[in-house]
1. List the pairs from LYS51/LYS167; LYS80/LYS268; LYS80/LYS232; LYS10/LYS307; LYS51/LYS268; LYS232/LYS259 whose alpha-carbon separation is above 19 Å, in the order I gave them.
2. In whole angstrom, how far apart do the alpha carbon centroids of the range 32-50 and the range 1-24 sit?
3. In whole Hz and in residue order, list the ³J(HN,Hα) couplings for the range 59-65 that follow from phi through the Karplus curve 6.51 cos²θ - 1.76 cosθ + 1.60, θ = phi - 60°; x for Gly and Pro.
4. Could you check which residue among TYR111, TYR220, TYR144 shows the biggest mean-square fluctuation in a GNM of the chain with a 10 Å Cα cutoff?
5. Give the residue list of trypsin sites (Lys or Arg not before Pro) in the range 34-96 that are DSSP loop and have at most 14 other beta-carbon atoms within 10 angstrom.
6. Name the longest site-free stretch of the chain, where the excluded sites are GluC sites (Glu not before Pro) in a DSSP loop with no more than 10 other beta-carbon atoms within 10 Å.
7. Report Rg (one decimal) and Dmax (nearest whole number) for the range 4-355, counting Cα atoms only, units Å.
8. Using the Karplus equation 6.51 cos²θ - 1.76 cosθ + 1.60 (θ = phi - 60°), what ³J(HN,Hα) coupling, rounded to whole Hz, does each residue of the range 98-115 give in order, writing x for Gly and Pro?
Amino acid sequence: MPISCHPLPKAPESAVDFGVEVRGLDLENLSDSDFESLRTLLYTHQVVVIKNQQALSPSAQYTLTRRFDPSAGVYSHGAKISNRSVLHRDLTTIPSQPQVQVIGHGHIPSYEGLTDLHLQHPHHRTFHRDPIPADQDHDFTHFYRWHIDSAMYDLDPPLVTSLLAVKTPPRRFQTVLYSDSTNCTLRVPLGTTAFFSGSRLFSLLSPAEQSFVLTSKVEYAPHPYIWMSEAKSRSNGLGILSENLELPLPSLPPISPEKVRVYPMAWKNPVTGALAMMVYPTCVRKIHLADGTVMEDLAEVRETLYKLQRRAIDPELIYPHDWVEGDLVLFNNHGVMHSIVGSFAEEEVRLFRQCNMAGSRGPLGPDDQI
Ligand SMILES: [Fe+2]
């Protein structure tokens with residue numbers, strides 16, 4: 001069967017310009033030329049959906065994901081996640097394939113060598129300052145955290161992430177409440193993964209804002225998921241409220257200055273050359289400006305970034321994937337940002353597999369050649 005591309009379903013009001021379903025690939029036996037086609041499609045469309053992959057083994061998922069970055073090796077957050085990290089509770093490693101994690105919700109008696117799993121879908125009440133009241137939790141939710149899959153310290157962001165829906169609960173919908181300065185809402189399938197495009201965001205910036213993004217760099221906190229573990233999120237998931245709740249640096253594990261990540265704000269697509277504004281607001285600590293000065297005031301840093309990034313999450317710019325069992329989603333982790341969404345009831349059991357590896361290189365900046 002030849003490889004073919006098909007548009008993803010969209011709400012009538014959607015203005016999303018990325019994402020494609022790809023058919024005609026045998027992922028367990030992918031020729032080099034078919035892989036090259038897939039890679040080109042991924043970097044052209046940012047998000048690729050391949051359906052009916054129930055039989056894909058963890059090892060095959062790893063092999064496919066690694067093909068996008070053959071020099072990569074370790075899981076994106078390293079071999080071991082500190083129990084002080086906010087990510088500790090969300091990730092369970094598959095014993096036979098440590099780059100593949102089990103995520104989901106509810107009780108799973110056994111799966112791939114793991115037994116008696118009690119998974120917890122990250123709920124915004126664990127992270128947001130102003131969670132939705134419990135009596136509205138069934139029908140309403142918030143974006144949990146807009147992010148780039150990455151440790152943002154010591155390790156570089158994976159080039160590509162794969163997510164496989166192994167088991168999903170019966171379908172229902174929830175309404176995302178933004179609860180910011182707007183009254184925006186977005187109707188989404190329960191447990192959607194929501195994406196926005198960094199290049200669309202870049203295109204929406206004014207010339208002056210683009211110039212700022214092209215010439216500034218962002219410095220991320222050391223051990224960011226421990227550093228921000230007491231801090232609380234904005235209600236729309238786009239970064240942290242500045243309430244001085246970050247842990248003081250001396251209380252973090254030992255810090256090696258050379259492991260601190262400083263990245264451009266604009267990342268270049270290695271195939272199309274398009275520039276995407278890619279900044280992970282939760283982990284940001286400083287902005288290095290074009291004139292060499294460094295913006296160190298955390299509240300000012302966050303406000304500056306928030307003003308630039310907020311427009312990216314307007315409802316019509318978001319692709320909320322409607323997961324069906326067997327869906328494999330691959331995404332350009334240097335080109336789109338995503339958020340977990342939704343609040344599951346205890347009996348709504350879901351099981352996913354996530355795979356990515358720390359990038360063998362940092363993101364390409366505006367001046368890098370492709
Ligand atoms: Fe993620």
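None of the figures in this text is laboratory data; all of them are computed from the coordinates on show. Fair warning: this is a prediction, and the values are worked out from it, not measured in the lab. Glycine gets a Cβ as well: all are built from the backbone with ideal geometry, and neighbour counts include every protein chain shown.
1. With Cα atoms farther than 19 Å apart: LYS80/LYS268; LYS80/LYS232; LYS10/LYS307; LYS51/LYS268; LYS232/LYS259.
2. Each part's Cα centre sits 13 Å from the other's.
3. 5, 5, 5, 4, 4, 5, 5
4. TYR111
5. LYS80
6. Here the longest run is 14-345.
7. So, for the range 4-355, Rg and Dmax equal 19.4, 57 Å respectively.
8. Coupling constants for the range 98-115: x, 7, 10, 10, 9, 9, x, 8, x, 8, 10, x, 7, 6, 6, x, 9, 10 Hz.
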